[in-house]
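Undergrad: My questions will all concern the structure given below.
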Amino acid sequence: MKSVPRIQPFESHLEEYEDWFVKNRFAYRAELEAVRRHLPEGGDGLEVGVGSGLFAGPLGIKIGVEPSARMRAMARTRDLEVVEGVAEDLPFPDHTFDFVLMVTTICFLDDVRQGLGEAKRVVRPGGRVVVGFVDRESPLGRVYLQHQEESVFYRHATFYSTREIRDLMEEVGLDALRATQTIFVPLEEVGREEEIREGSGDGSFVVLSGRNRP
């Protein structure tokens, strides 16, 4: 099971976590839209690190995996089926889903390569693994790193660059990689319609997806 320091903030500060998405609702909407562009229409999806369900619910994903008991309980109030587990050891057979989503989960994994490998394992041939994260080299990523010790949630996180995540996805056998990006200004300046662009390198929130080779 995941190390306690990475889970504890979400057990102890659920309300603060939920409030972030209210306070930063326009950034949240932009992140949702950036992720949505990578998901197939229909199909069976799984969100790994589903948290309280704030992405799975609006994106139509019905099943999640989450190590935090309080987060699981909150997600279930949003009509999600949530099982206890971690990304590095998913409790599902091979080739169960059409796609797997991870949003701001990568930075909390004990073993990113193993987590991505597990996501690939449970995706059907031709399906996709979709990863949303804050790019360490972006303006927001640098702010998070600068203030990491002050953050309840990110104190024990490990941030990655887009290149690092792309390389790891390729290493585990995902191909046809595609990137989108959003949040091009400080969080407090994000407006109602933050732009979603293809590629990476300018936006702070990046979504990468890769295909499980048939």
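Any read-out appearing in this document is the output of simple, stated calculations on the displayed coordinates, not a laboratory observation. Because the structure is predicted, anything quoted here is derived from the model rather than measured. In this analysis, Cβ positions are derived from the backbone assuming ideal geometry, glycine residues included, and neighbour counts consider all displayed protein chains.
Undergrad: Between R72, R124, R163, where does the largest GNM mean-square fluctuation fall for the chain, given springs only between Cα atoms within less than 10 Å?
TA: Of the options given, R163 has the highest mean-square fluctuation.
Undergrad: Which FRET efficiency value, to the nearest 0.05, do you get for D167 and H95 by plugging their Cβ-Cβ distance into 1/(1 + (r/R0)^6) with R0 = 25 Å?
TA: On the way: r = 24 Å, r/R0 = 0.98.
Here the calculated transfer efficiency is 0.55.
Undergrad: Report, in debye and to the nearest 20, how large the dipole of the chain comes out about its Cα centre when Lys and Arg carry +1 and Asp and Glu carry -1 on their Cβ. Each step should come with its number before you reach the end.
TA: Values: 27 positive and 37 negative charges, 75 e Å.
The dipole of the chain has a size of about 360 debye.
Undergrad: Then there is this: Using +1 at the Cβ of each Lys and Arg and -1 at the Cβ of each Asp and Glu in the chain, identify which of F10, P139, Q114 lies farthest towards the dipole's positive end.
TA: Positive-end residue among those listed: Q114.
Undergrad: Let me ask something else. For the chain, what class follows from the C-alpha gyration tensor (a ≥ b ≥ c being the square roots of its eigenvalues): rounded when a/c is under 1.5, otherwise prolate if a/b is larger than b/c, else oblate?
TA: Details: a/c = 1.35, a/b = 1.12, b/c = 1.21.
Because its axes are fairly even, with a/c under 1.5, the chain counts as rounded.
Undergrad: Still on this structure: Among S161, S151, S68, which one shows the highest mean-square fluctuation when the chain is modelled as a Gaussian network with alpha-carbon springs under 10 Å?
TA: Looking only at S161, S151, S68, the largest GNM fluctuation is found for S151.
Undergrad: Something else about it: Say R0 is 22 Å: what FRET efficiency, to the nearest 0.05, do R192 and T77 get from their beta-carbon distance? Before the final figure, lay out each step's value.
TA: Details: r = 28 Å, r/R0 = 1.26.
Efficiency, rounded to the nearest 0.05: 0.20.
Undergrad: Before rounding to the nearest 500, sum -39500 (n - 2.57) across all DSSP H runs of length at least 4 in the chain and divide by the residue total; then give [θ] at 222 nm in deg cm²/dmol.
TA: Working: 8 runs with 72 residues, N = 214.
Calculated mean residue ellipticity at 222 nm is -9500 deg cm²/dmol.
Undergrad: Just grab the label-to-label distance for R213 and H147, each label 7 Å out from Cα along the Cβ direction, in nm (one decimal).
TA: For R213 paired with H147, the spin-label model returns 4.3 nm.
Undergrad: Name the most mobile residue of V22, V123, V83, meaning the one with the largest mean-square fluctuation, in a Gaussian network model of the chain with Cα contacts below 10 Å.
TA: In the Gaussian network model the winner is V22.
Undergrad: Let me ask you something else. Would you kindly calculate the mean projected area, averaged across all directions, of the convex hull enclosing the Cα atoms of the stretch 118-190, in square nanometres?
TA: Values: hull surface 24.3 nm².
With every direction weighted equally, the projected area is 6.1 nm².
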